[in-house]
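Structure first, then comments.
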Amino acid sequence: MGPDPVSIAALARSRRFCAPGASWQANPDAGDAKTSDSDGKGVWVGKGNSVRGKWVEITADRQTHKLSGFGELRYALTVKGDRLTGTASFRQYDESHVLVDGPFASTLSGTRVTLP
């Protein structure tokens, strides 16, 4: 069994979360030899110390420059101080919105980025 896809997709890149409930992320063009990780956008909602959201990354074929599919990440987080924990589920769809891989479940944990 290979690396956990949710951990790679969700945690290896930095997300930006901003009010009022939007998030975004973009990858360098050379990040993947077959597809271009074109763009990622998401929405989130907070209640108390919990956050739930959905994030979608659209990919394009480097040769044809057409949509090749998209990944969808759904997550739920609990924040305590500068730490977060939660769960996530990732699904991969083709250009016709047909599920081609997943769902993959994962647990999440992290620490807020702060200045020293």
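The values are calculated or read from the model by the stated rules, or taken from the named source; none is laboratory data. What you are looking at is a predicted structure, and each value in this text was computed from that prediction instead of being measured. Here the Cβ is made from the backbone with ideal geometry for all residues, glycine too, and neighbour counts use every protein chain on show.
Overview of results
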item: Residue in the stretch 79-98 that is over 22 Å from ARG52 (Cα atoms) and in contact with a strand residue (DSSP E or B) (Cβ under 6 Å, 6 or more places away or on another chain) present; result: yes
item: Residue count for the stretch 102-116, restricted to those that are over 22 Å from SER50 (Cα atoms) and either in contact (Cβ under 8 Å) with a residue 24 or more places away in the chain or assigned to a loop (DSSP other than H, G, I, E, B) (or both); result: 3
item: Any hit, the stretch 65-77, residues being of a type in the set (A, V, I, L, M), touching a strand residue (DSSP E or B) at 6+ places or on another chain (Cβ under 9 Å) and surrounded by fewer than 17 Cβ atoms within 10 Å (Cβ to Cβ); result: yes
item: Tally, over the stretch 48-63, of residues that are modelled with pLDDT under 90 and surrounded by fewer than 13 Cβ atoms within 10 Å (Cβ to Cβ); result: 1
